[in-house]
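One structure is given here, and the rest of the page talks about it.
The values are calculated or read from the model by the stated rules, or taken from the named source; none is laboratory data. On a predicted model such as this, the values are computed, not experimentally measured, just so you know. For neighbour counting, all protein chains shown are included, and Cβ atoms are generated from backbone atoms with ideal geometry for every residue, glycine included. For accessibility, only protein heavy atoms count, side chains too; no ligands or nucleic acids. Shrake-Rupley method; radii C 1.70, N 1.55, O 1.52, S 1.80 Å.
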Amino acid sequence: MESFALSERWNGWSRLDVMVEAARAAIAAGPFDPLVCEVVLEWDDDTTTLDNLAELDALLRLDEGPLSLDIYIAHVVEAEASLTLVYNGRWLQINGAGSDWQRARQAYDAAQVELAMEYGITTFKLPTPPRDTVAESRKRLGKPPQD
């Protein structure tokens, strides 16, 4: 496979702190080390650009949230693996891409799990339980089930 690219939109989004946690999970899972980070916040009358998530935490604690928030994180070789979280006031868009399939996919999946937990969604399928052969044998032989 030449490169990885996935995208997903979450409508009605409002939890900017969860976006930061999703970015941190992606950084750890990628792993994105050394890290390239760019955060852009748009306010009513200004735009703020940051180069790390620590400063973002302090800004998000302010009474009035930003109109939009873009978080871009990547490995230092940005074409290998990157993740973008884009919030526009109504929805959140998550985009993952890269030529290093494993690193890019791990980062995307880690961020997606953090976002899904906010909505109480599980993103995996539970295994099917094994057949109960004892019960089937009892039915076939006409024996009553035992408690």
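Points to keep in mind about this one:
- Proportion of all alpha-carbon pairs of the stretch 34-86 beyond 13 Å (%): 60
- Extending 7 Å from the Cα toward the beta-carbon at both LEU59 and ALA28 defines two label points whose distance is 2.3 nm.
- A dipole drawn for the chain from +1 and -1 charges on Cβ atoms has a positive end, and of LEU35, VAL18, THR48 the residue lying farthest that way is VAL18.
- Note on the chain: with charges restricted to the Cβ of Lys and Arg (+1) and Asp and Glu (-1), its dipole about the Cα centre is near 1640 debye.
- When peptides 14-20, 53-59, 79-85, 137-143 are ranked by their average number of other Cβ atoms within 10 Å per residue, the highest-first order is 79-85, 14-20, 53-59, 137-143.
- Net charge, GLU2 excluded, C-beta distance under 13 Å - Lys, Arg +1, Asp, Glu -1: -2
- Expressed as a whole percent, the accessible area of the stretch 1-70 that falls on carbon and sulfur atoms is 46 (1.4 Å probe).
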